[in-house]
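Engineer: The structure is given below, and queries will be raised subsequently.
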Amino acid sequence: MSASKTHFRTCNLCEAMCGIAIKVDDGVITSIKGDNDDSFSRGHICPKAIALKDLYEDPDRIRRPLQKVDGEWQELSWDDALDKVAARISSLQAEHGNDALGVYLGNPNVHNTGATLMSGGVLRALKTKNKFSATSVDQLPHHIVSWKLFGHQLRIPVPDIDNTDHFLMFGANPLASNGSIMSVADVKQRLKDVRRRGKLVVVDPRRTATAELADAHHFVRPGSDVLVLLAMLNVLFSDKLVKLGTIAEHLDQDPMDLESTFAAYNPEKVAALTGMSAEVIRGMVHDFCAASQPVMYGRLGVSVQEFGTLTQYLIMLFNILTGRLNSVGGLMFTKPAVDILAQSGRGNMGRFHSRVRGLPEFNGELPVATLAEEITTPGAGQIKGMMLIAGNPVISTPNGEQLDRAFEKLDLLVAVDFYINESSRHADFILPPVSPLEREHYDVIFNVLAVRNNARYAEALFPRPADGRHDWEILLGLQDRLQPAHSMKEKLARKAMQRMGPSGLLAVLLRKGPYGGGANPFSGLSLSKLKKSPHGVDLGALQPAVAGGSYHRDQKLHLETEFFLKDLTRVNTRFFNRNSGVDTFLLIGRRDVRSNNSWLHNSHRLVKGKDRCTALINPEDASHLNIEDGQWLRVSSRVGSIGLVAAVSDEMMPGVISIPHGWGHHRSGTQWQQAEAHAGVSVNDLTDEMHIDELSGNAVLNGVPVTVQALAHTPAEAV
Ligand SMILES: Nc1nc2c(c(=O)[nH]1)N[C@H]1C(S)=C(S)[C@@H](COP(=O)(O)OP(=O)(O)OC[C@H]3O[C@@H](n4cnc5c(=O)[nH]c(N)nc54)[C@H](O)[C@@H]3O)O[C@H]1N2
Ligand SMILES: Nc1nc2c(c(=O)[nH]1)N[C@H]1C(S)=C(S)[C@@H](COP(=O)(O)OP(=O)(O)OC[C@H]3O[C@@H](n4cnc5c(=O)[nH]c(N)nc54)[C@H](O)[C@@H]3O)O[C@H]1N2
Ligand code: SF4
Ligand SMILES: [Mo]
């Protein structure tokens, strides 16, 4: 008799948190579909979900620890591997100091319950100041804005997409990304519903799928959004459209004082620099203010650029000055069932600086744009060893080729990863965790950013094999070896932690959380209740928060004008005081619904079909340069040069070229055959590690000056 079951869980691949139904017959996954009864996602799914099966079955996925001996990978037991890694780290630090070990945390950590809840201990045990993560090629500006304004780096309000009647979106393409810092499943339908209630307006140098869906789309010159926002704030004051509403009583300073700050930036002044006419800019403000529940939102396109932090600040300020923060249909704070804000640091900046370039830490992490030079520059504090935990910085951070060369020089590289990717190929040890379907799941992080309050828990679909380890087990195993418990009490506490695992912690956090029963284990939301609710529990729409949502001791929202607006000096120099010739081309990124950063390219189903690693270029530009659709191009920047095929399309703004990131799987020594067969090139061999958003240290991955040249036919010369 065949055994058949359907397992319900949340897809952990992106931020959308879709509920999925996985059918298993005789131990083999026979289908993955959207769960129509899911309390959050209502049956939505994208083509990537099926990759969870591919990942589970992938013969290239590393399943046992590996050590590189004389250039060859050798398997070893878990105890042996963890002992050796801990010994190597300890001796490296004994010889060169604690900071000689660098750590990089990649994006999948935040999609991994155990890693999120249980990595604190090992990070402390590693005792290094040289911590880096994908945050500084992504959402760092959001954390800084929230830390300064609301008193907690994770207190990030999200667009109330289900209630807004005017959604003004800068630099996001949720139809491809499925939403970011806005966890929202079925975003396409929800945006269509916005249009039914009012308007969707998109500002983007590319007419994306999201822009196609919108009522209006405006091209903007990459990196110049800051000027558009300054002009919009100028119009807000000059046309007497400031309307604070109830937020006024929660502000720590009178924002009307800001009128003079924006006086210098009228729309006429910025029009040519932004590529947006003064009329369009004025119209955007008036349209926004005429709506009853508008919201302004900006995401990756405006975070990872030269003025990313100031731009995100101005977006927040615009929402505040129009009374849209903490208002239904505006930007709203969530109330997640696991109150991770209570468990994590509120934020801190500049307590120490990077050794070589003097860039400030934020929340104990340094900007990853500075990693390569910390490895290659000799002197006390030089990084001699790296630990990569779920990341691929050679492909995902600026000037990846330089980092690739730097990794070669390390005395030690340890990767906690189940693929030998472009970064972990340099490893001495690979400690591979089990795949997502072999572990339990609860979204600790993305429920903080979700458009509805919700809670869902799933057990592992497949038991973890006896010789497999969870990320958290690997990390706790290292912690124990690096920093053995000093007292009996600590020993017992660690044992308890090990026994509880993520679900034990979750049970406690849910009980302590805002929907939990507190001291009474039988009332309120609990892990056992979630275990009986395979489709999750809807905890309702977002509600206005008390005290305007502030975590500051004085319960006020701090405008922090001095910290942010000092960056206007840099804006003025960049745009108004320089005899800058117009850069020939500005490079921007692109996401595709069948791809996920650098690591889902080993699923044949996702990579087959047309080449996605192409350079999109406007027809006018193409004709000036004698470029035809499908022709090979060389694209070059200060740091490097790549060769790839042109896709000519009027969806691009003239003067802008778009290349997706996450590709470039041609380097030797990797082990993901499908990815290698669809290698593409890495756009981060063009992005410049010296070009950063100086206010935060965040990388500039959009608006990178490049030159473009047509090639006769072969890519061979495009090195
Ligand atoms: N030019 C350009 N560059 C970009 C971007 C861009 O838009 N343009 N986007 C940036 C953004 S937003 C991000 S978030 C970064 C991402 O940058 P990274 O986080 O450095 O890269 P990923 O491609 O997500 O690599 C994830 C690695 O984690 C492994 N992995 C997956 N799941 C797990 C797990 O559960 N446990 C462990 N231990 N390993 C796991 C995968 O095998 C893969 O090797 O890239 C950034 N880089
Ligand atoms: N399918 C898929 N989904 C993903 C990912 C993935 O790799 N693939 N990655 C996940 C991750 S880690 C993240 S962080 C999110 C990101 O999710 P989103 O923030 O939605 O990111 P993108 O889809 O890259 O959209 C950024 C948009 O900004 C535009 N842009 C570029 N430069 C500028 C500029 O200077 N100004 C303006 N106004 N716009 C600009 C680009 O053309 C692009 O359309 O997606 C997540 N979801
Ligand atoms: S949009 Fe796709 S990848 Fe993202 S959670 Fe949903 S099914 Fe998974
Ligand atoms: Mo990201």
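Where a number appears in this text, it was derived from the coordinates with a stated rule and is not lab data. What you see is a predicted model; the values in this text were computed from it and never measured. Cβ sites come from the backbone with ideal geometry, for glycine too, and all protein chains shown count toward neighbours.
Engineer: Mind checking region 531-631 for chymotrypsin sites (Phe, Trp or Tyr not before Pro) that DSSP puts in a loop (not H, G, I, E or B) and that have at most 15 other Cβ atoms within 10 Å?
Structural biologist: PHE576
Engineer: Follow-up question, since we're still on this one. Of the options LEU530, THR210, HIS441, report the single residue whose Cα projects farthest towards the positive end of the charge dipole of the chain (beta-carbon charges: Lys, Arg +1; Asp, Glu -1).
Structural biologist: The one lying farthest along the dipole's positive direction is LEU530.
Engineer: For region 213-350, what's the relative contact order in percent, using C-alpha pairs closer than 8 Å and at least 6 residues apart?
Structural biologist: Taking the mean separation of contacting Cα pairs over the length of region 213-350, I get 30 percent.
Engineer: Now, a different point. In region 64-183, how does Rg compare with the Kirkwood Rh, expressed as the Rg/Rh ratio over alpha carbon atoms?
Structural biologist: That ratio is 1.10, to two decimals.
Engineer: Additional query: Can you pull the semi-axes for region 1-71, root of five times each eigenvalue of the Cα gyration tensor, sorted largest first, whole Å?
Structural biologist: So the equivalent ellipsoid measures 29, 18, 9 Å along its semi-axes.
Engineer: For region 562-648, which trypsin sites (Lys or Arg not before Pro) are both in a DSSP coil and crowded by at most 11 other Cβ atoms within 10 Å?
Structural biologist: Counting only loop positions with at most 11 other Cβ atoms within 10 Å, the trypsin sites (Lys or Arg not before Pro) in region 562-648 are LYS566, ARG578, LYS608, LYS610.
Engineer: Please work out the Cα center distance from region 394-447 to region 148-193, rounded to the nearest Å.
Structural biologist: Region 394-447 and region 148-193 have Cα centres spaced 29 Å from each other.
Engineer: A further question follows. Can you give the translational diffusion coefficient of region 353-443 in µm²/s, computed by Stokes-Einstein from the Kirkwood radius over Cα pairs at 10 °C and 1.306 mPa s?
Structural biologist: My calculation gives 112 µm²/s for D.
Engineer: To continue, here is another question. In region 141-186, which chymotrypsin sites (Phe, Trp or Tyr not before Pro) are in a loop and have at most 13 other Cβ atoms within 10 Å, using DSSP for the loop call?
Structural biologist: Loop-located and lightly packed - none at all.
Engineer: Under unit Cβ charges (Lys, Arg +1; Asp, Glu -1), what dipole magnitude, rounded to 20 debye, does the chain have relative to its Cα centre?
Structural biologist: 1840 debye
Engineer: Cα to Cα, under 17 Å, and not fewer than 8 places away if on the same chain: which lysines meet these conditions relative to LYS148?
Structural biologist: LYS556, LYS566
Engineer: Among all the aspartates and glutamates, which ones have a C-alpha under 17 Å from LYS531's C-alpha, if same-chain residues fewer than 8 places away are not counted?
Structural biologist: Straight-line reach from LYS531, under 17 Å: ASP35, ASP37, ASP38, GLU438, GLU440, ASP443, GLU459.
Engineer: Follow-up. Would you calculate a helix-derived [θ] at 222 nm for the chain, using -39,500 (n - 2.57) for each DSSP H run of n ≥ 4 and dividing by the full residue count, to the nearest 500?
Structural biologist: -8500 deg cm²/dmol
Engineer: For the chain, just the Cα set please: Rg and Dmax, both in angstrom.
Structural biologist: Just the Cα atoms of the chain yield Rg and Dmax of 24.9, 78 Å.
Engineer: Roughly what % of DSSP beta bridges within the chain run antiparallel, to the nearest 5?
Structural biologist: 55 percent
Engineer: In whole Å, largest first, what are the principal axis extents of the Cα atoms in region 159-296?
Structural biologist: 42, 38, 23
Engineer: Under Stokes-Einstein, with the Kirkwood radius over Cα pairs standing in for Rh, what whole-number D in µm²/s applies to region 240-310 at 37 °C and 0.692 mPa s?
Structural biologist: Stokes-Einstein gives a translational diffusion coefficient of 224 µm²/s.
Engineer: Still on this structure, please answer the following. Nothing charged except the Cβ atoms of Lys and Arg (+1) and of Asp and Glu (-1): what's the magnitude of the dipole of region 457-528 about its Cα centre? Round to the nearest 20 debye.
Structural biologist: Dipole about the Cα centre, nearest 20: 280 debye.
Engineer: For the chain, what relative contact order do you get, as a whole percent, if you take Cα pairs closer than 8 Å and at least 6 residues apart?
Structural biologist: 19 percent
Engineer: Give me D for region 508-558 in µm² s⁻¹, whole number, from Stokes-Einstein with Rh from the Kirkwood sum over alpha-carbon pairs, 20 °C and 1.002 mPa s.
Structural biologist: Reported coefficient: 164 µm²/s.
Engineer: Still on this model: Hey, if you put +1 on the Cβ of every Lys and Arg and -1 on every Asp and Glu Cβ in the chain, which of ALA264, PRO367, TYR551 ends up farthest toward the positive end of that dipole?
Structural biologist: About the Cα centre, the residue reaching furthest to the positive side is TYR551.
Engineer: Rank these for me by crowding, THR208, THR573, going from fewest to most other beta carbons within 10 Å.
Structural biologist: Listing THR208, THR573 from fewest to most nearby Cβ atoms yields THR573, THR208.
Engineer: Let's test the formula: R0 of 41 Å, r as the Cβ-Cβ distance of ASP629 and VAL546. What FRET efficiency results, to the nearest 0.05?
Structural biologist: Here the calculated transfer efficiency is 0.15.
Engineer: I've got another one for you. Report the far tail of the P(r) of region 286-355, meaning the percent of Cα-Cα pairs longer than 13 Å.
Structural biologist: Percent of Cα pairs beyond 13 Å in region 286-355: 74.
Engineer: Let me know the Rg and Dmax you get for region 521-636 when you use only its Cα atoms, in Å.
Structural biologist: So, for region 521-636, Rg and Dmax equal 25.8, 72 Å respectively.
Engineer: Okay, next question. Excluding residues fewer than 8 places away in the same chain, name every one of the lysines whose C-alpha is closer than 21 Å to that of LYS48.
Structural biologist: Correct list for LYS48: LYS23, LYS33, LYS188, LYS608, LYS610.
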